[in-house]
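Worksheet: one structure, shown below.
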Amino acid sequence: MVGNSLLLLLVVGPMAAGIIGYLIGRKNKSARDYFADAVTILEFIIMAGFLIGFTSTQDIALSLPGVCGMGLSFRLDGFRTIFATVTSFMWMMTTLFSKEYLGHSRNRNRYYLFLMITLGATMGVFLSDDLFTTFVFFEMMSMASYVCVVHDEKKEAMYAGAVYLAVAVIGGMVTLMGLFMLYHKTGTLQLDALLPACEAIFADNKTWFYICGGCILFGFGAKAGMYPLHVWLPMAHPVAPAPASALLSGIITKTGIFGVIVISSRIFLHDGYWGFVILMFGVVTMLLGGILAVFSMDLKRTLACSSMSQLGFIFVGIGMQGLLGEENALAVRGTMLHMFNHSNLKLVLFMAAGVVVMNLHKLNLNEIRGFGRKKPLLLYTFLMGSLGIGGIPLFNGYVSKTLIHESIVEYIELLEEGHGAATFALASGTDAVTMFKVIEWLFIITGAMTVAYMTKLFIVLFVEKNNDLKVQEAFDAKKNYCNKVTAAVLAVTATILPILGMLPNLTLDRLADMGQGFMFGESPHHAVHYFSWVNLKGGLYSILIGALIYVVIIRGWMLIKTKTGVTVYADRWPKKLDLLELVYNPIVMVILPAIAAFICRCMDFLLDGLILLARKTTHRQLHGGKMPPKGYRLSFVLGSICNTVALWLNKTVLKKHPLKRDYILRFAERERILKDANKVIVASVSFSLLMFGIGMVITVLYLFLS
């Protein structure tokens with residue numbers, strides 16, 4: 001029972017602590033900072049205890065029936081234990097780092113409040129045991145993390161926050177529709193019950209499930225930075241505080257990956273078509289992210305685009321799970337380990353970038369050039385992160401990338417033997433083999449781009465000198481660029497990376513054994529020899545091609561000499577290729593409002609037509625009616641007098657050309673025009689309510705008839 005109660009504490013505790021910390025901060029800011037540190041340290045200690053004491057039979061569950069209507073449920077198994085521990089570790093480190101980073105910042109009280117709320121919501125996602133609970137905390141996390149994105153309240157931050165919020169809200173609504181459809185068909189959203197329920201009716205309802213899956217993928221994929229829903233990611237990371245950027249990139253994006261894994265393993269387990277779709281999204285995401293990072297001129301934007309690319313690698317691993325079917329051991333382990341590795345890598349890199357921003361308040365590569373020279377701790381931290389994310393042997397990123405790459409190679413071998421085509425019927429034979437060999441090379445080339453852009457950042461910060469010699473002298477003289485707590489955080493997080501990479505069988509493989517059951521994966525038939533020539537060869541190709549990209553594109557094309565004789569990095573990326581400005585803004589700002597206006601006009605004309613028809617038929621005003629128009633008594637009195645006079649004239653003077661007007665209606669019409677001028681606002685609200693009512697009726701009819 002103690003373990004069950006701790007699950008609730010891990011989720012609700014940080015949220016309550018955020019409120020308490022906010023109240024403390026109104027009196028004593030330093031006490032609030034220490035309180036936030038203590039909360040995150042306690043959260044990590046609890047999760048570390050679960051991780052260290054984990055056994056294969058560990059399965060702690062907690063159900064809260066009736067909460068939020070459908071009830072909330074939580075579970076702690078191997079996979080959830082790993083990522084809840086990673087979450088608590090990253091929050092602990094970034095909270096410790098935040099004290100110095102935000103030392104002179106505004107709105108720190110608000111920042112810590114929403115930082116703690118986001119922690120609780122993120123833990124709620126990873127510990128959730130049904131998709132309803134996942135969705136509730138997923139949306140809570142999105143709303144709370146928005147405040148961290150717009151913390152500086154500058155124009156760029158507010159715009160990036162608006163895009164982030166728009167993607168989160170639209171994605172959430174589409175996901176909710178998918179969950180409604182899924183629950184309607186299966187009668188459950190419980191993760192353990194979902195797979196057998198879907199398998200029982202999948203064959204007869206494939207199209208329905210693909211539509212459900214597509215809707216759910218929309219929201220989770222958006223949070224995971226999946227193309228073409230990635231637009232928020234390169235914008236939000238540069239403007240958010242570095243600790244928040246580390247969390248956005250390192251762990252909050254993984255909540256989206258968590259959702260994609262759930263639907264891929266609980267609805268479309270071993271489904272080749274679904275796997276191929278996810279694979280294609282993954283290939284485009286990793287390739288585009290790599291290209292954007294190569295051309296980026298901003299330190300944090302480069303790391304943000306790098307996150308997009310690395311998340312693409314993870315999507316490739318998820319896609320290969322579906323294609324490989326029951327032979328997906330390498331893909332499962334590669335997917336999970338790259339999620340784990342990328343979180344730790346981006347924690348290190350964004351905090352190192354945060355040290356640069358904290359001292360210079362600049363991000364442009366030409367302006368920060370040479371800052372890292374003569375700063376051994378910063379160099380060590382950034383180098384460990386760069387080598388890890390570049391997939392260099394003996395570092396953690398190499399292990400997970402090798403597993404995903406080997407899963408592609410394994411599938412090519414199955415295709416050549418005629419087995420793989422059974423799960424992939426969109427192409428077969430030579431065409432399928434050629435296609436997946438191209439995908440393999442795109443995987444290697446994207447890894448090479450990672451090497452190239454991380455080399456670019458390292459050379460800019462630690463090798464090249466600033467063009468302004470006085471600025472460089474100031475950089476070199478700056479020895480106290482971070483306090484002891486920040487230095488300890490950098491050193492600890494950076495040192496973990498080579499330990500994981502040098503001892504993969506003792507560290508990463510054990511984590512894979514713990515978590516692979518969540519995706520219905522099994523251990524490989526034989527041990528993976530990470531440092532054999534076959535596996536090292538892929539990493540070597542990436543290093544050589546990456547060196548070529550760096551020399552030809554970055555040094556040869558992006559680095560130019562100005563008229564004054566100094567060399568600077570030029571922004572070579574075409575501005576017109578901004579997907580947000582090119583596609584999404586015109587759709588949201590022009591096309592959708594035009595469509596909505598057209599629909600509203602049609603409804604307006606339809607209602608006017610119905611009213612006109614009623615006035616001509618069932619509600620026709622009879623000539624000389626005896627009941628006065630409601631609210632028009634003055635018009636009725638004056639009109640009655642005029643009608644009497646007209647009747648007398650028709651019987652005497654105007655027998656040949658009698659008057660046929662109803663003066664009651666005429667006076668009432670004039671009075672109506674005067675009153676309508678004062679009813680414009682009321683009429684507008686009424687019309688809006690009418691449209692809302694029509695929408696509700698249509699929705700209810702759909703739910704009853706579907």
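The values are calculated or read from the model by the stated rules, or taken from the named source; none is laboratory data. Please read these numbers as outputs of a predicted model, since none were measured by experiment. Note: ideal-geometry Cβ built from the backbone for every residue, glycine included; neighbour counts use all protein chains shown. All accessible areas refer to the heavy atoms of the entire protein, side chains included, with ligands and DNA or RNA removed. Shrake-Rupley method; radii C 1.70, N 1.55, O 1.52, S 1.80 Å.
Below is a table of values for the structure above.
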| read-out | value |
| --- | --- |
| The range 293-451 - convex hull of the alpha-carbon atoms, volume per residue in Å³ | 103 |
| Charge dipole of the chain about the Cα centre (unit charges at C-beta), most positive-ward option of Leu189, Phe462, Val136 | Val136 |
| Scattering profile of the range 94-205 at q = 0.12, 0.23 Å⁻¹ [log10 I(q)/I(0), Debye over alpha-carbon scatterers] | -0.56, -1.24 |
| In order through the range 280-296: 3J(HN,Hα) via Karplus (6.51 cos²θ - 1.76 cosθ + 1.60), integer Hz, x for Gly, Pro | 5, 4, x, 4, 5, 5, 5, 5, 5, x, x, 5, 4, 5, 4, 8, 5 |
| Rounded to the nearest 10 Å², the accessible area of His230 at probe 1.4 Å | 10 |
| Relative counts (whole %) of C-alpha pair distances in the range 205-274, using bins that are 10 Å wide | 20, 44, 24, 11, 1 |
| Percent of Cα pairs exceeding the 22 Å cut-off, where the set is the range 1-142 | 38 |
| Degrees, to the nearest 10: 484-502 long Cα axis against longest axis of the chain | 70 |
| 0 to 90° range, to nearest 10: angle between helix 592-616 axis and the chain longest Cα axis | 20 |
| Links that overshoot a 29 Å alpha carbon limit, given the list Lys29/Lys375; Lys346/Lys561; Lys206/Lys401; Lys29/Lys470; Lys346/Lys375; Lys99/Lys375 | Lys29/Lys375; Lys346/Lys561; Lys206/Lys401; Lys29/Lys470 |
| For the chain: accessible area per residue (Å², 1.4 Å) | 45 |
| Anchor Lys675: aspartates and glutamates whose Cα lies under 20 Å away (excluding residues fewer than 8 positions away in-chain) | Asp608 |
| At 1.002 mPa s and 20 °C, Stokes diffusion of the chain via Kirkwood alpha-carbon radius, µm² per second | 75 |
| Accessible surface of the range 219-284, 1.4 Å probe, proportion on carbon and sulfur as whole % | 75 |
| Cα point-scatterer Debye curve for the range 441-574, base-10 log of I(q)/I(0) at q = 0.17, 0.19, 0.21 Å⁻¹ | -1.15, -1.22, -1.28 |
| Only Lys, Arg (+1) and Asp, Glu (-1) charged, at Cβ; the chain dipole about Cα centre in debye | 4200 |
| Angle between the chain longest axis and helix 131-149 axis [Cα atoms, degrees, rounded to 10] | 80 |
| The range 152-272 - convex hull of alpha carbons, volume per residue in Å³ | 104 |
